[in-house]
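All remarks here apply to the structure that follows.
Derivation of every value follows stated rules applied to the coordinates shown; laboratory data play no part. It should be emphasised that the depicted structure is a prediction, and the values quoted were computed from it without experimental measurement. Positions of Cβ are backbone-derived with ideal geometry, glycine not excepted, and every protein chain shown enters the neighbour counts.
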Amino acid sequence: MSIDLGAIVANWRLLCERAAPAECAAVVKADAYGLGVAEVARALAAAGCGTFFVATVDEAVALRALLGAEPSIVVLHGVSTRAEADELRRLDVLPVLNSLAQVALWNELAKTGGAPLPCVLHIDTGMNRLGLSSVEVQKVGLDRRLVAGCDVRLVMSHLACAEDSANKMNRRQLVTFLQRCAALPSAPQSLANSAGVFLGDGYRFELVRPGIALYGANPVPSGVNPMGEVVHLQGRILQVRRVDANETVGYGAAFSVTVPTRIATVAAGYADGYLRSASGRGMAMVGGVRVPIVGRVSMDLITLDVGAVPEADAQAGAPVSLIGGGVSLDEVATHAGTIPYEILTSLGARYRREYRG
Ligand SMILES: *Cc1c(COP(=O)(O)O)cnc(C)c1O
């Protein structure tokens, strides 16, 4: 598997341009969506990215060790215990405070130092997962002492339907965000994920938080993908065999051959994160020809109908593109009945990751 760090940096720069004058952060949670946070975050920091978002305290600890003291690091899950709060403070990492309970933990820590501590406030605007509820926001509006220990560096919320630019939910969340922010201490604001960057000026505020677009997925699924390809996952053909009509291929005899053809068996399967749900639906590239996956994806093997590929190009040892190189990440996700996020975060440890750029 090759991962093009140059393309990640170019994608970040494109998002910076689209978001300007807002700052463009980078979301590198879950090991940079499975691509390797050490390489990805270092490349982005070297390119000038100054703010990184991770999900967990452990991810923040690892990232601080990787990047040194300079960049801002923000933990989306916030703090759940005093020990976590101490750890974040020690590493100068900002928690996203997601409830008044989390705010209270941060206040307590701030009391020991006698000064408010930097943090991010998350307010819910309709996602109903994390963030201060409308009631909690009202409480803060009526009594600022509730956030006395918070040096609020950013107020953020998260969009539920940003990939669907026509969805009314987007504007509803934007309006709710503006209303609820008015009750809070004034601070820079952030609402947009990758797709949110493309919803228009009103959604960008002071900082945008793209993740998936950095890694090459299309943030505007209704149009042409503006992002460069990052991941190229290649497999190798182990064997090619001629199969007659009326024969079947693979587990469950799920594919029946109607016209005699050649079947190529490729060394990749669901144990590598090539999802089984792509059985009989996925596509691959062999010798510049698009070919279908036939039969079931099994643990370590995939079978392709290479009847349309010249024999010289479809032999044992020949390379096969499974993601990238003519099969887009978005297309792979669609064929597997999922989203690019799940494809990337499923990519297994058995693939050797080679970094380019
Ligand atoms: C994961 C995440 C993002 C990044 O979303 P993408 O759709 O990958 O751009 C931004 N904000 C929050 C709160 C997130 O959890």
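For the stretch 2-215, count the residues as N, evaluate 2.2 N^0.38 Å, and divide the Cα radius of gyration by that value, please.
Taking N as the residue count of the stretch 2-215, the ratio is 0.99.
Tally Lys and Arg at +1 and Asp and Glu at -1 over the other residues with C-beta under 14 Å from the C-beta of residue 180: what net charge comes out?
Value of the local net charge: 0.
For the pair residue 168 and residue 256, what calculated FRET efficiency results from E = 1/(1 + (r/R0)^6), where r is the Cβ-Cβ distance and R0 = 41 Å, to the nearest 0.05?
0.35
In whole Å, what are the Cα extents of the stretch 270-326 along the three principal axes, biggest one first?
Result for the stretch 270-326: principal-axis Cα extents of 29, 20, 17 Å.
In the chain, with Lys and Arg counted as +1 and Asp and Glu as -1 at Cβ, which of these residues, 232, 199, 61, has the Cα nearest the positive end of the dipole, that is, farthest along it?
So the residue we want is 199.
Let me see the P(r) profile for the chain: every Cα-Cα distance counted, bins of 20 Å, each bin given as a percent of all pairs.
Histogram of Cα-Cα distances, whole percents per bin: 28, 47, 21, 4.
Quick check: convex hull of the Cα atoms in the stretch 1-82, volume per residue, rounded to a whole Å³?
Normalising the Cα hull of the stretch 1-82 by residue number yields 99 Å³.
Suppose only helical runs count, i.e. DSSP H with n ≥ 4. What mean residue ellipticity at 222 nm does that imply for the chain under -39500 (n - 2.57) per run, divided by all residues and rounded to the nearest 500 deg cm²/dmol?
Value at 222 nm, helices only, nearest 500: -8500 deg cm²/dmol.
Gap in Å between the Cα centre of the stretch 273-318 and the Cα centre of the stretch 1-76?
Rounded to whole Å, the Cα centres lie 34 Å apart.
Distance in nm between label sites at residue 201 and residue 111, each 7 Å beyond Cα in the beta-carbon direction?
Modelled inter-label distance: 4.6 nm.
Less than 17 Å from a label point 7 Å out along the Cα-to-Cβ axis of residue 354: which backbone N atoms in the stretch 220-243 qualify, by residue?
230-237
Which lysines, if any, have their Cα less than 21 Å from the Cα of residue 111, not counting same-chain residues under 8 positions apart?
By straight Cα distance, residue 111 reaches 139.
Given +1 on the Cβ of Lys and Arg, -1 on the Cβ of Asp and Glu, and no further charges, what dipole in debye does the chain carry about its Cα centre, rounded to the nearest 20?
400 debye
Could you tell me how many degrees, from 0 to 90 and to the nearest 10, lie between the Cα long axis of helix 57-67 and the main elongation axis, the longest principal axis, of the Cα atoms of the chain?
The helix 57-67 is inclined about 80 degrees to the chain.
Collect residues whose amide H, placed 1.01 Å from N in the peptide plane, falls under 5 Å from the amide H of residue 355; neighbours closer than 5 in sequence don't count.
Under 5 Å from the amide H of residue 355 lie the amide H atoms of 3, each far enough along the sequence or on another chain.
Label points 7 Å out from Cα along the Cβ direction at residue 238 and residue 138: separation in nm?
Distance between the two pseudo-spin positions: 6.2 nm.
Lone cysteines in the chain, defined as no other cysteine's Cβ under 4.7 Å from theirs: which are they?
Lone cysteines by the Cβ rule: 49, 119, 150, 161, 181.
Calculate how large, on average over all directions, the projected area of the Cα convex hull of the stretch 58-120 is; give the answer in nm² to one decimal.
3.9 nm²
Could you give the distance between the Cα centres of the stretch 104-154 and the stretch 208-269, to the whole Å?
47 Å
Counting other C-beta atoms within 10 Å, which of 229, 70 has the fewest, and how do the rest follow?
70, 229
Using the Cα centre of the chain as origin and beta-carbon charges of +1 (Lys, Arg) and -1 (Asp, Glu), tell me which of 277, 189, 211 is placed farthest towards the positive end of the dipole.
Value computed over the given set: 189.
Any idea what log10 I(q)/I(0) is at q = 0.18 Å⁻¹ for the stretch 231-356, Debye with uniform C-alpha scatterers and no solvent?
Treating every Cα as an identical point scatterer, log10 I(q)/I(0) equals -0.90.
Can you pull a Stokes-Einstein diffusion coefficient for the stretch 152-260 at 25 °C (0.890 mPa s), Rh from Kirkwood over Cα pairs, as a whole number of µm²/s?
Calculated translational D: 138 µm²/s.
Helix 168-181 versus the longest principal axis of the chain: what is the Cα-based angle in degrees, 0 to 90, to the nearest 10?
Computed tilt is about 30 degrees.
Would you mind checking which residues have amide H under 5 Å from residue 73's amide H? H placed 1.01 Å from N; only 5 or more apart, or other chain.
52, 94
Just tell me which aspartates and glutamates come within less than 15 Å, Cα to Cα, of residue 29; anything on the same chain fewer than 8 places away is out.
Here the aspartates and glutamates satisfying the reach criterion relative to residue 29 are 39, 58, 59, 342.
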